[in-house]
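Colleague: Questions regarding the structure given below will be posed in turn.
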Amino acid sequence: MNLEVIFRRAAATVATVAMAAASSVASAQGAIKIGEVNSYKAQPAFLEPYKKGMELAVDEINAAGGINGRKIELITRDDNANPGDAVRVAEELVSREGVDVLTGTFLSHIGLALTDFAKQKKIFFLAGEPLTDKIVWDNGNRYTFRLRPSTYMQVAMLVPEAVAMKKKRWAVVYPNYEYGQSAVATFKKLMKAAQPDIEFVAEQAPPLGKVDSGSVVQALADAKPDAIFNVLFGADLSKFVREGNTRGLFKDREVVSLLTGEPEYLDPLKDEAPNGWLVTGYPWDGVQIPQHKPFLAAYQAKFKDYPRLGSVVGYSAIMSLAAGMKKAGGADTEKLIAAFEGLQVDTPFGKITYRPEDHQSTMGGFVGRTKNVGGKGVMVDFRYVDGAKVLPPGAETKKLRPAD
């Protein structure tokens, strides 16, 4: 046997041993655990599709080899739509399950509770859905990032067309908790800046999930507004629309409505779906963004159903964590924070960036009008608004955050 053959065999043996060692290390490390907390029982319309979106992302990531050879494992917990329960199950995920990162939450006050938890426990938290600006601004911290466009961003998407309506007398209706309060505050601020003579002549703020639609609709009608800004969603929205249709509240009156164009809220309205409302939403069957097409095909193939906006958010949250972990070389908290600042991620809505100044992603949203087509509500005349175009400059928002 000549020396060349000996060297070749030796090199092959070394390579095999190295690969085995690497595999052994990866196996010893086990899966990367993602702990996810959400209001599944309280908000199933959004969160059942959200969970499916996450599952699709996990399957795709693991099928492609995982994160540096390590698979990811998703461990979910229900927070019962209660901040105290959310913190309790988050603690359980960290201490008992040994999760590497946290993600999730739907309701804004629960998102804020986990934002504080992440800071106290020094664990990475990606807020997928809660919309309050406080998560990345007033209460922001270095451990928390947020995916979905915020109340400020979504309201800012609607304001130019709301101003163009040239309506002076406005009424507002919203669920009386952090999300609704912040959305209305932003709407008033931006509208007054663009239209100084605007008047807000009525304000209805029922508790979340407990709207007395008859009294709310009557109070709004009595104020005789030119236009209505609505922030209700879910079952509250259905009750409001039904009663408003019955009493003629929306006849010859402009309505600007946050979230109503999302299939999870538009679909349940069926033949009661309103015509002509200006909304944010998700026209899933009309999206022409290139990255959306493979997502839509994969989702329909796996679940035999069409995606809702929750599906996109859940999928994008897991894909964001995977992209951050690949960049960081794992799930180490400090390395992951550094990786997420400025991180770019491909999502079904195109490429987004997590801004280093405030940890808000630049994911955008669709703005359009509702239309009742054959007893089903759809979005028409829609356009995609890049989230980066409705965010204040990074230097300005950085001043809104407490020092890390």
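Colleague: Can you give the accessible area of Ser215 in Å² (nearest 10), computed on protein heavy atoms with a 1.4 Å probe?
Modeller: Around 60 Å² of this residue is reachable by solvent.
Colleague: Could you compute the net charge surrounding Val163? Neighbours are other residues with a C-beta less than 12 Å from the C-beta of Val163; K and R count +1, D and E count -1.
Modeller: Local net charge: +1.
Colleague: State the extension gain, in nm to one decimal, for the chain segment bounded by Glu92 and Glu48, taking 0.36 nm per residue of separation less the distance between their alpha-carbons.
Modeller: Gain in length upon complete extension: 13.6 nm.
Colleague: Oh, and also: Taking the Cβ of Asn230 as the centre, find all other residues whose Cβ is under 13 Å away and add up their charges (Lys, Arg: +1; Asp, Glu: -1).
Modeller: Residues near Asn230 contribute -2 overall.
Colleague: While we're here: Over the chain, what is the percentage of antiparallel beta bridges among all DSSP beta bridges, to the nearest 5?
Modeller: The answer is about 35 percent antiparallel.
Colleague: Can you report the principal axis dimensions of the stretch 245-398 using only the alpha carbons, biggest first, rounded to whole angstrom?
Modeller: Here the Cα extents, ordered largest to smallest, are 57, 42, 23 Å.
Colleague: Would you mind getting the Kirkwood hydrodynamic radius of the stretch 274-355 from its Cα pairs, rounded to one decimal in Å? Don't skip to the answer; put the middle values down first.
Modeller: On the way: mean 1/r = 0.0700 Å⁻¹.
Computed over the stretch 274-355, the radius equals 14.3 Å.
Colleague: Just by accessible area at a 1.4 angstrom probe, what is the order of Lys376, Lys167 from largest to smallest?
Modeller: Lys376, Lys167
Colleague: Whenever you get a sec, line up Trp284, Trp277 from highest to lowest accessible area (probe 1.4 Å, protein heavy atoms).
Modeller: Result of the area sort, largest leading: Trp284, Trp277.
Colleague: Then there's this: Viscosity 0.890 mPa s, temperature 25 °C: give me the Stokes-Einstein translational D for the chain in µm²/s, with Rh taken as the Kirkwood radius over C-alpha pairs. If you can, show how the numbers build up before the last one.
Modeller: Working: Rh = 22.3 Å.
Stokes-Einstein gives a translational diffusion coefficient of 110 µm²/s.
Colleague: No solvent, one uniform scatterer per C-alpha: report log10 I(q)/I(0) for the stretch 199-324 via the Debye equation at q = 0.16, 0.17 1/Å, two decimals.
Modeller: One equal scatterer on each Cα of the stretch 199-324 leads to -0.83, -0.90.
Colleague: So, one more: What is the distance in Å between the Cα centres of the stretch 344-398 and the stretch 226-286?
Modeller: 19
Colleague: Work out, in µm²/s and without decimals, the Stokes-Einstein translational diffusion coefficient of the stretch 251-303 at 37 °C, 0.692 mPa s, Rh from Kirkwood over C-alpha pairs.
Modeller: Reported coefficient: 255 µm²/s.
Colleague: Does a label point 7 Å from the Cα of Asn176, set along Cα-to-beta-carbon, have any residues of the stretch 227-263 with amide nitrogen under 18 Å, and which are they?
Modeller: Only 230-233, 236-237, 240 pass the distance filter.
Colleague: So if R0 is 56 Å, what FRET efficiency would Ala219 and Gln120 give, r being the distance between their Cβ atoms, rounded to the nearest 0.05?
Modeller: Here the calculated transfer efficiency is 0.85.
Colleague: Ignoring ligands, DNA and RNA, what percent of the accessible area of the chain is carbon or sulfur (1.4 Å)?
Modeller: Carbon and sulfur: 51 percent of the exposed surface of the chain.
Colleague: Test of understanding: extend the Cα→C-beta vector of Ala194 to 7 Å, then name every residue of the stretch 155-182 with backbone N under 15 Å from that spot.
Modeller: 155-170
Colleague: Return, ordered by residue number, the residues of the stretch 183-209 whose backbone nitrogen is under 16 Å from a label point located 7 Å along Cα→Cβ of Arg242.
Modeller: 209
Colleague: If you don't mind, there's one more thing I want to ask. Would you mind calculating the gained length between Asp212 and Lys399 on full extension (0.36 nm times residue separation, minus the Cα-Cα distance), in nm to one decimal?
Modeller: On the way: separation 187, 0.36 × 187 = 67.32 nm, distance 3.99 nm.
Stretched out fully, the Asp212 to Lys399 stretch lengthens by 63.3 nm.
Colleague: Report, in deg cm²/dmol and to the nearest 500, the calculated mean residue ellipticity at 222 nm for the chain, where each DSSP H run with n ≥ 4 adds -39500 (n - 2.57) and the sum is divided by the residue count.
Modeller: About -14000 deg cm²/dmol.
Colleague: Please give the length that would be gained between Asp267 and Tyr306 if that part of the chain were fully extended, namely 0.36 nm times their separation in residues minus their C-alpha to C-alpha distance (nm, one decimal). List each step's numbers first, then the result.
Modeller: Values: separation 39, 0.36 × 39 = 14.04 nm, distance 1.19 nm.
My answer for the length gained is 12.8 nm.
Colleague: Can you tell me the accessible area per residue over the chain, all protein chains present, probe 1.4 angstrom, in square angstrom? Intermediate results must be reported in sequence, preceding the final value.
Modeller: Details: 16690 Å² over 404 residues.
Per residue, the chain has an accessible area of 41 Å².
Colleague: Continuing with this model, one more query. With a 1.4 Å probe and all protein chains kept in place, how do Arg253, Arg146 rank by accessible area, largest first?
Modeller: Arg253, Arg146
Colleague: Give me the one-decimal nm value for the distance between modelled label points at Lys335 and Ala297, 7 Å along each residue's Cα-to-Cβ direction.
Modeller: It works out to 3.5 nm between the two label points.
Colleague: Rank by packing, highest mean first: peptides 380-388, 324-332, 190-198, with packing defined as the count of other Cβ atoms within 10 Å averaged across residues.
Modeller: 324-332, 380-388, 190-198
Colleague: Which value in nm describes the separation of the simple spin-label points at Lys327 and Asp138, placed 7 Å from the Cα toward the beta carbon?
Modeller: With each label point 7 Å from Cα toward Cβ, the separation is 2.9 nm.
Colleague: Now for a separate question. Rg to Rh for the stretch 142-257: what is it, with Cα atoms only and Rh by Kirkwood?
Modeller: That ratio is 0.98, to two decimals.
Colleague: What do you get when you divide the Cα radius of gyration of the stretch 99-144 by 2.2 N^0.38 Å, with N the number of residues? Don't skip to the answer; put the middle values down first.
Modeller: Values: Rg = 9.2 Å, N = 46, 2.2 N^0.38 = 9.4 Å.
Its radius of gyration relative to the 2.2 N^0.38 Å reference: 0.97.
The values are calculated or read from the model by the stated rules, or taken from the named source; none is laboratory data. Since the structure is predicted, the reported quantities are computational estimates derived from the model, not experimental observations. So basically every Cβ, Gly included, is an ideal-geometry build from the backbone, and we count neighbours across all protein chains shown. The protein model used for the area step is the full one, side chains on, heavy atoms only, and it has no ligands, DNA or RNA in it. Shrake-Rupley method; radii C 1.70, N 1.55, O 1.52, S 1.80 Å.
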